[in-house]
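Asks: One structure is given below, represented as structure tokens, and several questions about it will come after.
We did not get these values from a lab; they are worked out from the coordinates using the rules stated. Treat the numbers as computed from the prediction; the structure is a model and nothing was measured. Glycine gets a Cβ as well: all are built from the backbone with ideal geometry, and neighbour counts include every protein chain shown.
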Amino acid sequence: MSEGDEGGGSEDRDLAKRLDDLGRHLSAKEREAHAARKAEEPRAGADASAISSALRLSGEFIAGVVAGGGIGWAVDTYLGLSPWGLIIFLLLGFLTGVWNVLRAAGYLKTARDTGSPPR
């Protein structure tokens, strides 16, 4: 064997060591990227859950106001109490909407939630 062959073995070992270091470095980076993706996944689900909750609560409120307005308009039209039927039932619809939002958000407990029989 010549001296060039022995030098080539040293270069091969050096190259193999550098390749191993690179492989470990890339594996560590891949694990970090995977952990970062995993950390972002629940947040995306939480955002969707928050949006759906907001839409549900706004729907509860709007439904109460619209129902109250509709009943008030019908009372005004058929009983001739204009504008008092609309005013009173819009206020009742507003209160009902607020009540439904509080109940749906979990701030108010109902008999069904507590497990006690209704009175």
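Asks: Ranked highest first by average number of other Cβ atoms within 10 Å, how do 16-25, 95-104 line up?
Replies: Output ranking for 16-25, 95-104: 95-104, 16-25.
Asks: Let me ask something additional. Quick one: 3J(HN,Hα) in Hz for the range 53-62, Karplus 6.51/-1.76/1.60 with θ = phi - 60°, rounded, Gly and Pro as x.
Replies: In residue order, the calculated couplings are 5, 5, 5, 5, 5, 5, x, 4, 5, 4 Hz.
Asks: So how do 61, 94 line up by other beta-carbon neighbours within 10 Å, fewest first?
Replies: The order, fewest Cβ neighbours first, is 94, 61.
Asks: Counting Lys and Arg as +1 and Asp and Glu as -1, what is the net charge of the other residues whose Cβ lies under 13 Å from the Cβ of residue 99?
Replies: Net local charge, residue 99 excluded: +1.
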